[in-house]
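The values are calculated or read from the model by the stated rules, or taken from the named source; none is laboratory data. Keep in mind that this is a model prediction, so the values were computed, not measured. Glycine gets a Cβ as well: all are built from the backbone with ideal geometry, and neighbour counts include every protein chain shown.
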Amino acid sequence: MSLDLRDFLDEIDSLGLLRKVRSAHWEHEVGAIADHNVKRNKYTLLFDEFKDFPKGFRVLTGALVDSKRFALALGLPPTLTDMELVKLLKDNLASKPKTQKKYSAKFVDSAPLFENVMEGDEIDLYKFPTPKWFEGDGGRYIGTGDAVVTRDPEEGWINVGSYRMMIKDERTLSLFLEGPRHARFMIQKYWDRGEPAPIAVSFGHHPLIQLAAGLEVPSGVSEYDYAGTLAEKPYEVIKGPITGLPLPADSELAIEGYVYQERTSEGPFGEFMGYYSSGTTESPTVKVEAVYHRNDPIILGACVGKPPHDTVYFRCPMRAALIWDILGKAGIEGIKGVWCHPAGYSRAFTVVSVEQMFAGHARMAGYVACQCRPGAISGRYVVVVDEDIDPSNLDDVVWAMCSRSEPATGIEIIRGSLGTPLDPIGDHQSGKHILEYTSNRAIIFAVKPFARLLKGEFPRVVEPSPEVKARVLKKWSDIFAD
């Protein structure tokens with residue numbers, strides 16, 4: 001398996017899922033095309049031939065918009081279903097402590113990234129066709145599918161996160177760090193010492209890093225090592241000449257620099273919930289010391305807005321697997337599946353399927369799924385269903401909610417949980433600190449009442465037996481062929 005963006009695009013092209021878009025304008029047109037595409041055709045789009053930019057300076061969207069491309073990013077067959085992916089990922093996570101060191105990041109001595117180098121007065125971030133995605137955006141966002149690399153100055157471990165970055169001028173970027181992000185705490189440690197924080201950012205790379213950077217990887221674990229473990233192959237990195245921070249060896253375009261306490265206006269930006277909810281913020285300033293790029297570089301873009309959008313799908317199986325793994329480590333048995341639905345932007349509508357073994361079993365699962373880190377961040381609803389319900393099938397889930405949940409007793413509310421300034425219904429008070437935000441959660445128990453289940457008194461579901469169904473599907477396969 002190659003961990004190079006260009007090889008990944010060749011694989012997507014071989015499946016007939018890549019489309020090339022020529023002469024779209026970086027202002028609004030790239031965003032409008034990408035948004036319509038992900039809601040309809042779900043192609044991977046490679047934009048090229050921008051007016052006033054060199055041919056070959058490209059922007060990519062739709063890299064991980066379905067199970068096929070997600071599987072390819074992990075080196076898995078593109079035929080796996082959503083729940084098959086989640087199960088494989090969950091099993092991989094369960095064995096991760098045994099294999100993480102084996103697949104830790106591997107340093108290499110050279111990379112195509114340094115084919116072109118800009119330093120000092122040569123630096124010009126406007127050289128690249130960075131989109132202004134939508135009309136309401138506050139500027140041009142080069143960092144949407146990025147990989148932001150920082151190091152803990154005390155513990156030494158490397159964090160790779162995906163945080164939005166807007167171009168302020170030729171040599172300056174803004175960095176938006178929402179909520180309790182690891183990079184926020186690392187950067188603050190440097191500031192507490194009276195020092196600017198070193199930073200390295202890749203703006204184009206294999207989607208495996210985008211995938212890992214966009215998840216709630218535990219503190220102390222580098223997303224590079226996490227990605228290597230998922231792919232069962234060490235991710236290759238190269239040391240940045242200025243900061244010494246590791247950049248993806250396959251990076252298409254990257255910068256090094258320092259984060260200063262000096263604040264700059266940032267936003268608005270159409271965020272993953274589908275709203276301009278955070279408005280204009282005052283965010284840290286990144287002073288760029290060097291820019292590196294391959295010949296014909298590709299910016300890995302993530303066009304976000306009203307779901308579904310570019311960053312929704314790939315988080316669904318990964319977040320579901322993380323929650324399932326945590327449920328198992330919490331000692332909750334009988335979990336048959338977990339899914340985080342794209343309509344809830346992978347965060348706000350989580351479904352847990354459980355085979356009830358005792359009274360209160362479903363509540364245990366619901367509370368842990370709701371309040372563990374990958375379930376709590378930007379969460380809203382957790383629905384617990386029985387083992388006969390496919391958590392990824394929205395029709396099944398809504399049917400269970402309507403026929404097995406009692407509104408007066410089957411909904412629990414958790415108040416004052418972790419919140420975000422990106423929440424459109426949040427309490428947005430002037431001067432409120434980004435870490436002050438809270439929000440509420442609902443857990444819906446759409447399961448058969450355990451007492452009736454135990455006594456065999458709950459009505460049977462009206463459906464053919466598995467034997468009859470299999471016989472019919474085989475005998476009349478022409479009718480049911482895809």
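Output the residue which, of all residues in segment 428-482 that are over 20 Å from Ala400 (Cβ atoms) and of a type in the set (Val, Ile, Thr), is modelled with the lowest pLDDT.
Within segment 428-482, the match that is modelled with the lowest pLDDT is Ile434.
For residues that are in a loop (DSSP other than H, G, I, E, B) and under 28 Å from the mean Cα position of the chain (by Cα), scanning just segment 387-396, find the one that is nearest to Ile335 (Cα to Cα).
Just the residues of segment 387-396 that are in a loop (DSSP other than H, G, I, E, B), to begin with: 387-393.
Next cut, under 28 Å from the mean Cα position of the chain (by Cα) only: 387, 389-393.
Working: Glu387: 8, Ile389: 12, Asp390: 12, Pro391: 11, Ser392: 14, Asn393: 16 Å.
Residue satisfying both the conditions and the ranking: Glu387.
Of the residues in segment 397-434, how many are assigned to a loop (DSSP other than H, G, I, E, B) and in contact with a Ser or Thr (Cβ under 7 Å, 6 or more places away or on another chain)? Before you say what the answer is, go through the steps one by one.
Our first condition is that a residue be assigned to a loop (DSSP other than H, G, I, E, B); within segment 397-434, this holds for 405-410, 419-433.
Checking the rest, the ones that are also in contact with a Ser or Thr (Cβ under 7 Å, 6 or more places away or on another chain) come to 419-424, 426.
Of the residues in that region, 7 qualify.
Counting only residues that are surrounded by 22 or more Cβ atoms within 10 Å (Cβ to Cβ) and of a type outside the set (S, T, N, Q), give me the strands (runs of 3 or more DSSP E) lying completely in segment 3-68 with at least 2 of them.
Numbers: elements: 18-22, 44-48, 58-61.
Correct list: 44-48, 58-61.
Just give me the residues in segment 191-249 being among the β-branched types (Val, Ile, Thr) and closer than 14 Å to Ala105 by Cα, in sequence order.
Across segment 191-249, the qualifying residues are Ile209, Val221, Thr229, Val237, Ile238.
Given the options Ala365, Ala451, name the one that is crowded, with 19+ Cβ neighbours inside 10 Å, among the aliphatic types (A, V, I, L, M), touching a residue at least 24 places away in the same chain (Cβ under 8 Å) and not assigned by TED's automatic domain parsing to the domain that holds Pro284.
Details: Ala451 fails: crowded, with 19+ Cβ neighbours inside 10 Å.
Among Ala365, Ala451, only Ala365 is crowded, with 19+ Cβ neighbours inside 10 Å, among the aliphatic types (A, V, I, L, M), touching a residue at least 24 places away in the same chain (Cβ under 8 Å) and not assigned by TED's automatic domain parsing to the domain that holds Pro284.
For segment 342-372, what are the residues that are of a type in the set (A, V, I, L, M, F, W, C), assigned to a helix (DSSP H, G or I) and within 30 Å of Tyr275 (Cα to Cα)? Step through it out loud before you land on a result.
Let us first name the residues in segment 342-372 that are of a type in the set (A, V, I, L, M, F, W, C), namely 343, 348-349, 351-352, 354, 357-359, 362, 364-365, 368-370, 372.
Applying the additional criterion that residues be assigned to a helix (DSSP H, G or I) yields 343, 362, 364-365, 368-370.
Passing the criteria: Ala343, Val368, Ala369, Cys370.
Does Trp339 satisfy being part of a helix (DSSP H, G or I), among the aromatic types (Phe, Trp, Tyr) and either touching a strand residue (DSSP E or B) at 6+ places or on another chain (Cβ under 6 Å) or farther than 18 Å from Leu89 by Cα (or both)?
Taking the combined requirement at face value, the residue does not satisfy it.
Are any residues in segment 314-336 under 30 Å from Leu46 (Cβ atoms) and either part of a helix (DSSP H, G or I) or modelled with pLDDT of 95 or more (or both), and if so, which ones? Even if it seems obvious, please write down each step before you answer.
Of the residues in segment 314-336, the ones under 30 Å from Leu46 (Cβ atoms) are 314-321.
Once the filter is applied, which keeps residues that are under 30 Å from Leu46 (Cβ atoms) and either part of a helix (DSSP H, G or I) or modelled with pLDDT of 95 or more (or both), segment 314-336 yields Arg315, Cys316, Pro317, Met318, Arg319, Ala320, Ala321.
All but one of (1) without any contact (Cβ under 8 Å) to a residue 60 or more places away in the chain; (2) small (Gly, Ala, Ser); (3) more than 13 Å from Pro131 (Cα to Cα) hold for Gly56, so report the exception by its number.
(1)
Do we find that Gly31 is within 25 Å of the chain's Cα centre (by Cα), under 22 Å from Leu74 (Cβ atoms) and small (Gly, Ala, Ser) in this structure? Explain how you work it out, then say what you get.
Details: within 25 Å of the chain's Cα centre (by Cα): yes; under 22 Å from Leu74 (Cβ atoms): no; small (Gly, Ala, Ser): yes.
No; evaluated as a whole, the condition is false for this residue.
From the list Glu457, Glu436, Glu463, pick out the single residue that is within 34 Å of the chain's Cα centre (by Cα), among the acidic types (Asp, Glu) and assigned by TED's automatic domain parsing to the domain that holds Tyr367.
Values: Glu457 fails: within 34 Å of the chain's Cα centre (by Cα); Glu463 fails: within 34 Å of the chain's Cα centre (by Cα).
On inspection, the qualifying residue turns out to be Glu436.
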